[in-house]
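These notes concern the structure reproduced below.
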Amino acid sequence: MYYLKCIECGKEYPKTEVLYTCECGGLLDVIYDYSQIDIKKEDFEGIALSVWKYAKLLPVDRKPITIQEGGTPLYKCDRLAEKVGVRELYVKHEGMNPTGSFKDRGMTVGVSKALELGMKTIACASTGNTSAALSIYGAKAAVPAVVLLPEGKVALGKVAQALMHGAKVLSIRGNFDDALELVRELCDEEKIYLLNSINPYRLEGQKTIGFEIADQLNFQMPDRLVLPVGNAGNITAIHKGFKEFNHLGLTDKVPKMMGIQTEGSCPIVKAVREGKTDITPEKNPDTIATAIRIGNPVNARKALIAISESNGGAESVTDDELVEAQIDLAQLEGIGVEPASATSVAGLKKLVETGVIGANESVVCVTTGHLLKDPEEVISVAPKPIVIDATMEAIRKVLY
Ligand code: F0G
């Protein structure tokens with residue numbers, strides 16, 4: 001019912017092949033025969049949200065390895081909407097997944113696929129969240145996991161997860177792009193299953209963010225979807241989810257996809273601004289949003305297609321702007337996110353200020369990871385605790 005197809009040359013491959021890119025070097029997509037997939041809105045009624053609620057549109061033929069991923073809240077954020085100046089704003093908080101990021105959606109599919117293909121070890125390069133998810137799903141599946149991290153540039157909570165759940169954690173003296181290049185070589189040579197987002201099956205899991213948003217909004221789609229972009233897999237995946245529901249007649253439109261990066265690390269934004277169909281890699285990307293500190297996003301071609309096909313766009317924000325948005329999310333809406341996630345709201349604010357997004361539009365921002373992922377950054381941007389004597393008098397003195 002599904003197979004792999006190159007987005008560049010169109011070459012097709014059967015689903016039984018262990019393959020990440022086409023022989024021409026192009027990225028692969030998973031193609032379904034939609035005429036064989038019978039889905040109606042009513043099928044979803046009364047069933048709790050989860051990645052596997054949408055199993056008919058997922059490429060797994062075995063019992064999945066799952067720890068109940070997906071089903072994240074979609075918060076209506078009126079105070080934040082007023083502050084940024086849009087009519088209707090929702091935040092899809094992916095930090096509420098089991099490991100605290102959206103990566104779980106891709107890993108439940110990817111690790112299930114690894115078992116289906118008979119792979120004995122799994123691996124990834126990561127800015128942190130992918131490694132946490134890989135380690136946990138590896139543990140659940142009883143498959144050894146290897147992760148390559150850029151030394152000194154991964155938030156503490158994420159390293160803690162990868163270590164605690166038992167992955168072999170290798171800290172590379174280099175950045176994420178170096179780590180990804182190495183792990184691709186490692187997987188090819190050692191027959192290890194690669195679970196970065198270059199793996200087309202992983203993105204299939206992540207497209208369920210799009211399905212859930214439609215489900216949660218009663219199939220009334222927003223005008224825009226705004227999200228952080230790093231390796232550029234998630235924007236591609238969510239767009240595919242939106243397109244599939246639209247193609248199946250469940251929704252009447254596909255939201256415009258708006259990708260946000262930081263000024264220190266924004267190859268996709270530059271390509272969109274310059275009207276290019278591919279990026280120029282950045283050698284030394286830098287930002288406090290370590291999750292998206294990526295100069296050579298591997299899914300750039302897919303992401304640029306998603307942006308142009310949906311009539312969307314891209315914007316960059318400064319580290320100061322994303323911290324301001326992180327605090328707004330926390331204090332206006334009670335949504336605790338890690339720095340990369342806050343770029344979505346910072347980007348939205350900028351896009352409204354510059355007139356790209358109109359005040360009358362409805363918007364969904366995706367917040368990709370939980371605040372507790374990066375406690376060091378939180379401590380550095382939040383007010384310090386006030387140390388006082390253990391007396392009522394001292395308490396009153398600081399309160400009034
Ligand atoms: N937000 C967070 C919190 C992330 O961890 C990532 C990616 C992104 C956004 C960007 O998503 O790569 O699909 O464009 N983190 C990867 C990792 C690279 O290794 O955890 P993308």
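The table below lists the values:
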item	result
Some residue of the range 254-270 being of a type outside the set (A, V, I, L, M, F, W, C), under 22 Å from Tyr34 (Cβ atoms) and in contact with a helix residue (DSSP H, G or I) (Cβ under 7 Å, 6 or more places away or on another chain)	yes
Residue match in the range 30-41 (condition: in contact (Cβ under 8 Å) with a residue 60 or more places away in the chain, part of a loop (DSSP other than H, G, I, E, B) and within 16 Å of Tyr201 (Cβ to Cβ))	no
Within the range 317-327, tally of residues that are in contact with a helix residue (DSSP H, G or I) (Cβ under 8 Å, 6 or more places away or on another chain) and either free of Cβ contacts under 8 Å to residues at least 24 places away in the same chain or open to solvent by less than 20 Å² (accessible area, probe 1.4 Å) (or both)	5
Unique residue being among the hydroxyl-bearing types (Ser, Thr, Tyr) and either within 16 Å of the ligand (Cβ to nearest atom) or modelled with pLDDT under 95 (or both) when the list is Ser112, Ser131	Ser131
Selection from the range 223-257 of residues that are outside any loop (DSSP other than H, G, I, E, B), more than 17 Å from Cys365 (Cβ to Cβ) and within 12 Å of the ligand (Cβ to nearest atom)	Gly233, Thr236
Residue pairs meeting the criteria (Cβ under 6 Å; at least 6 apart or on separate chains; first assigned by TED's automatic domain parsing to the domain that holds Gly138 and farther than 16 Å from Pro150 by Cα, in the range 174-193; second surrounded by fewer than 18 Cβ atoms within 10 Å (Cβ to Cβ) and modelled with pLDDT of 95 or more)	Ile192/Thr121
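Rundown of residues vs (1) away from the ligand (no atom under 15 Å from the Cβ); (2) surrounded by 17 or more Cβ atoms within 10 Å (Cβ to Cβ); (3) hydrophobic (A, V, I, L, M, F, W, C); (4) modelled with pLDDT of 95 or more, yes/no style:
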site	(1), (2), (3), (4)
Lys276	yes, no, no, yes
Lys302	no, yes, no, yes
Ser308	yes, no, no, yes
Glu315	no, yes, no, yes
Ala342	no, yes, yes, yes
Gly347	no, yes, no, yes
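The values are calculated or read from the model by the stated rules, or taken from the named source; none is laboratory data. Worth saying up front: this structure is predicted, and the values here are computed from it rather than measured. Please note: Cβ atoms are built from the backbone with ideal geometry, for glycine as well, and neighbour counts cover all protein chains shown. Side chains included, ligands, DNA and RNA excluded: accessible areas come from the protein's heavy atoms. Shrake-Rupley method; radii C 1.70, N 1.55, O 1.52, S 1.80 Å.
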